[in-house]
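Comments concern the structure below.
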Amino acid sequence: MHNLMDVRVALYIRYLMIWPAMQGHQDTCVICNRTGGDEHTMDGINQYIEENIDRVQLREIVSQILGVLNENSQQITPEQVELHIREHMKTPKVTMHQTLRDLVTLSQLAKDACVCQCAESGKELVDVKMVANYLKTVDRIIAVYRMDCMKA
């Protein structure tokens, strides 16, 4: 049986999630909100992101999108565009390229942590666990590259 406190917490969380929608709160993504309607600019933006996510750096994509939106008098920030790409675009290609970027960053951190200096002797030592983590991360990167959605 559920604890009464757990039930109250669960209900409160649900309330927090649905209350803004019930009140007509507009805390949604501008690009998502305008996609699929009569405004073809947003559809073109989403298509551009999906077609170029593997060739163009994220910052450059954001900059280019802001240029298009500013021409159309859209009020949107670089952070909102980046959030849209990172969190709202759910196509396999965009999602896996974001995962790939994260894995590459993680592999660089793991690689840097593979060699450490002994406090007592001052000698450089190889951290075997970090080497294993690094190699696992590299293996995951290779697996992502082999996915069908990553092929041109």
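Taken together, the values in this text are just the output of simple stated rules run on the coordinates, not laboratory data. Values in this document were obtained by computation on a predicted structure and should not be read as measured data.
How high is the relative contact order of the range 31-89, in percent, counting Cα pairs under 8 Å that sit 6 or more residues apart?
Values: 26 pairs, mean separation 19.4, N = 59.
Contact order relative to length: 33 percent.
How large is Rg/Rh for the range 31-89, to two decimals, with Cα atoms and a Kirkwood Rh? It would help to have the intermediate numbers written out before the result.
Values: Rg = 10.5 Å, Rh = 11.5 Å.
Result: Rg/Rh = 0.92.
Expressed in nm to one decimal, what extension gain is obtained for the pair Arg140 and Cys116 from 0.36 nm per residue of sequence separation less their Cα-Cα distance? Provide the component values of the computation, followed by the final result.
Working: separation 24, 0.36 × 24 = 8.64 nm, distance 2.42 nm.
Stretched fully, the Arg140-Cys116 segment lengthens by 6.2 nm.
Counting alpha carbon pairs within less than 8 Å and at least 6 residues apart, what relative contact order, in whole percent, applies to the range 90-152?
Values: 48 pairs, mean separation 24.2, N = 63.
Rounded, it is 38 percent for the range 90-152.
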